[in-house]
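Asks: Questions regarding the structure given below will be posed in turn.
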Amino acid sequence: MEFTPCHPQPFTFQQAISFDPEVSADEISRLQNSISHLKRTQEELQEYAEDPDIAQAIKENNQTLASQDERIFMLKLALTQRGASNATSAHYDLPPEPEPESRNGRHGGFTGDNGLEPLDAPLPGDNSGLGPSNSTEEDEQESGVHL
């Protein structure tokens, strides 16, 4: 199989095929991180796009994004050529956008599909959010530390 890139790349497709799969996977992750940051920068620069210097920077960044996207494609194709049949799987896709903070102030957490409780799940014995409590004020004062 042959692949001819449209953008200048630091390696050929044949060289990419010879890379250790772990090296390719690391490079894919690095490029995805770079693309994520560069896209965010592009969004911020759009506000000042009337400035000729900023417009030029946006144009150059778009070329860099295209080159990096192509490099990721090239590495995935090389992994597939090499026999890593899952090289095009979601494992190598960009990570999802960050989740909003949960009620405990943590980001993300378990979904419950893995058998573990979510980070914002109530602790055992914590009846908050489960309807009216049957305990009296006296019971609550005896039950321990209150914050």
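Asks: Run down ASP69, ASP26 and say which single residue is under 25 Å from MET1 (Cβ atoms), in a helix (DSSP H, G or I), at pLDDT 95 or above and in contact with a helix residue (DSSP H, G or I) (Cβ under 9 Å, 6 or more places away or on another chain). If you could, list the steps in order and put the result at the bottom.
Replies: Values: ASP26 fails: in contact with a helix residue (DSSP H, G or I) (Cβ under 9 Å, 6 or more places away or on another chain).
That would be ASP69, the only listed residue that is under 25 Å from MET1 (Cβ atoms), in a helix (DSSP H, G or I), at pLDDT 95 or above and in contact with a helix residue (DSSP H, G or I) (Cβ under 9 Å, 6 or more places away or on another chain).
Asks: For the list (1) open to solvent by 90 Å² or more (accessible area, probe 1.4 Å); (2) at pLDDT 55 or above; (3) in a loop (DSSP other than H, G, I, E, B), I need the number of the one condition that ALA84 fails.
Replies: Single failed check for ALA84: (1).
Asks: Further question on the same structure: Listed residues GLN9, GLN46; which is polar (S, T, N, Q), open to solvent by 50 Å² or more (accessible area, probe 1.4 Å) and either more than 16 Å from the chain's Cα centre (by Cα) or at pLDDT below 95 (or both)?
Replies: Exactly one of GLN9, GLN46 is polar (S, T, N, Q), open to solvent by 50 Å² or more (accessible area, probe 1.4 Å) and either more than 16 Å from the chain's Cα centre (by Cα) or at pLDDT below 95 (or both), namely GLN46.
Asks: Restricting attention to the range 1-21, which residues are outside any loop (DSSP other than H, G, I, E, B), out of contact with any helix residue (DSSP H, G or I) (no Cβ under 7 Å at 6 or more places or on another chain) and not small (Gly, Ala, Ser)?
Replies: GLN14, GLN15
The values are calculated or read from the model by the stated rules, or taken from the named source; none is laboratory data. Quantities reported herein were computed from a predicted structural model and do not represent experimental measurements. Neighbour counts are summed over all protein chains in view; Cβ atoms, including those assigned to glycine, are modelled from backbone coordinates with ideal geometry. Each accessible area value is taken on the protein alone, full model and side chains, heavy atoms only, with ligands, DNA and RNA left out. Shrake-Rupley method; radii C 1.70, N 1.55, O 1.52, S 1.80 Å.
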